[in-house]
Structure formats: structure tokens, C-alpha cells
Amino acid sequence: MPAVLQSEEEIARRLSHWDGLAGVPVQGNKPSEPKRFKLTSTVVENLIGFIRNPTERWYLGFSELDIATRGVGRGEVLLVLGRSHTGKSQLLLNGIVWNLVNNPEARVVIFSFDEPRELVVMKLYCLLRGKSSTEIEESIKNGDKAVMKDLETVAKEELANVAIVDQSMHLQEMTKVMDEARQWWGCEPSFCYIDYLELLPGGESDATGVTSKAQAVKRWAKEQRVPIGLVHQSGRGAGEPGRAAGIYAGRYGGEQEAIFVLEVYRRRDAQNLSHFEKEYHANSINVNLCKNKRTARLIDQTYYLNPECGLIHTYFEDLIPDA
């Protein structure tokens, strides 16, 4: 059958007919902007904006990790996992203080399901001033007006940019907290810290429950358009104590929902350490970047954790014990 040359009007009519059948709204002879997906041109604009605006991301303040990850973007989840009492929360609190000191515009919402807000404030204050909680408590007990005055000053300055909620609540209620924080500060929060995944209400702390909670947090992060730091507790079976277990250290999973996974562990918990290793790692903390979807660069970095104030920093040479 020979081909038949159709007129422009006939072609336009047929295209309009098929667009209507497909359920695509038509404006004249051109479909309107899609509702269920973003145009690739829009995605490219967002990508360029993300790369050219590094201030929109959240950094931990540790150069090795920040260079490898390029920071946590809005709507992304950073998962910090490890065994109990290894320093997971302390790592994120260090990052919060670093941002509060270096960026006056930083605003942080903390959902502390594991610890009362007074304890969180104490930890933040100790990091800001480089003092131990024991020293601060003794000073307050003895009526030290200078310390109490300084604590009140910090509450009105650096820590005025932090909102701490210590009661357990569902994500719907957490959304209301975020909205109230936006209204109070008049801007978007810079970071949201959730401590920790298993304590989120709903479901069980088993494989199905943890995975569903992690998936819910990932969806919630995208809705809120805020960088999320999520703490996840490792189980006893998560590898050998004091050694890196990697991305599967999280009990029952949850790592698939994060763009970055940081495993925190303490080498001092390992067996058969030499005398020097025991002394060297008495105050060391290892941060293992075991998942990095942005640059694929993985590192395992050893830092020094100050036993007095909880400050995490480079393991300087003068801190190394005598051989």
C-alpha cells in the first residue's frame, strides 16, 4: 500500500486524539508540563544548583568525611550506626556544634528519643566550652555564678538555634515540630537529628519493623527537604567488637535508605591488643564511611575522642602515648 501524505491539520488532529486517550492534558497542539514526573531540564537545573551551592548542604566538620561525601543535601539521610556506647550520638553532636560555631545561620532540630533534653544541652555546652559535665555540675552545685551566667548566655546565643524534643512521637507529630521551628526561626532548619531509629513509634524492632521505619524516614526527609542524621543501633552479632563490620553492621538493615552510612566503632573493644594498642586506642574513635552514593569514596578514619568534654578531633602526634 503506497504511503499517503497527510496534511498538517490531519497530523495535529491525530496527535490531539491520542494525547487525549493517554490522559495527557493538551493545550493547543502541545501537552502541558507533566504532573507525575519532572522534566529532565528541571532535574539538570536542580543538579547544577546543588553543585554550585555547597552552603545548602550539611557538613560534619571532619575534613576527610566532608571531602569524601560533599556534605548531606536537603532530603538526604545520613545513617550513623554502631554498637551501644561507641560514640554515634557524640559524632553528630560534634557536627552540630561545629556548624553552630562556624555558621550563625545554622538551625537544628533534635529529636532525642533516647536522652532527656537537659542531658543533650549539657553535652552541647561541654563541647562548646571544652569542659567536662562533672566540672560543670560541681560548679553549679557550688553556686558558681560565672558558670551559670555563661550557661544562660549560651542558651540565648548558640543554643538558641537548636530545638530539642525528647518525647517519642510519630513522624506526623515530628512534621508539626518542624513546621513550628520554621515559623519560630523564620527559615528552613539546616539539619534534623533523630536519635534513634529503633525508638521511633510504630512497628517492632525486628527486620520488618526497622526496614519499614527507615523507609518512612527516607520519605519524610524528602518531604521536609532537610538533611537528616539518623542513629541506628547495631546488634551483638554485628561483627567482632572493635573491628569494622561495614555496611551490614546495622541490626536488621535500614542501610539501603541512606545516601551515606557511617559506622562508628572503638578499637579498644577488640581482643588481643598489644600494650601500646590498648593505650593508643583508649580514647580513639573510628568512623568508617562504608556507603557513599555520591562519590563512591570509602574511608575508615581514626580520631581522638576527648574523654573529658567529648570533643572529637584529629589524633594529634602529641596525644600519642609513649611507645
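Brief remarks on what is shown
- Screening Phe276 against (1) in contact (Cβ under 8 Å) with a residue 24 or more places away in the chain; (2) under 17 Å from the mean Cα position of the chain (by Cα) leaves a single unmet condition, (2).
- Scanning segment 218-232 for residues that are touching a helix residue (DSSP H, G or I) at 6+ places or on another chain (Cβ under 7 Å), buried (at least 23 other Cβ atoms within 10 Å of the Cβ) and either modelled with pLDDT under 95 or assigned to a helix (DSSP H, G or I) (or both) gives a single hit, His232.
- Count of residues meeting criterion [out of contact with any Ser or Thr (no Cβ under 9 Å at 6 or more places or on another chain) and modelled with pLDDT under 95] in segment 79-101: 1
- Test for Arg36: is it of a type outside the set (Ser, Thr, Tyr), touching a Pro at 6+ places or on another chain (Cβ under 8 Å) and in a loop (DSSP other than H, G, I, E, B): no
- All helices (runs of 4 or more DSSP H) inside segment 40-140 with 2 or more residues being assigned by TED's automatic domain parsing to the domain that holds Arg266 and touching a residue at least 12 places away in the same chain (Cβ under 8 Å): 63-69, 88-102, 117-129
- Residue pairs meeting the criteria (Cβ under 7 Å; at least 6 apart or on separate chains; first assigned by TED's automatic domain parsing to the domain that holds Trp220 and closer than 18 Å to Lys222 by Cα, in segment 178-203; second acidic (Asp, Glu) and not in a helix (DSSP H, G or I)): Arg182/Glu188
- If you go through segment 141-159 and keep only what is exposed (fewer than 13 other Cβ atoms within 10 Å of the Cβ) and either at positive phi or part of a helix (DSSP H, G or I) (or both), you end up with Lys141, Gly143, Lys145, Ala146, Lys149, Glu152, Thr153, Lys156.
The values are calculated or read from the model by the stated rules, or taken from the named source; none is laboratory data. It should be emphasised that the depicted structure is a prediction, and the values quoted were computed from it without experimental measurement. Glycine gets a Cβ as well: all are built from the backbone with ideal geometry, and neighbour counts include every protein chain shown.
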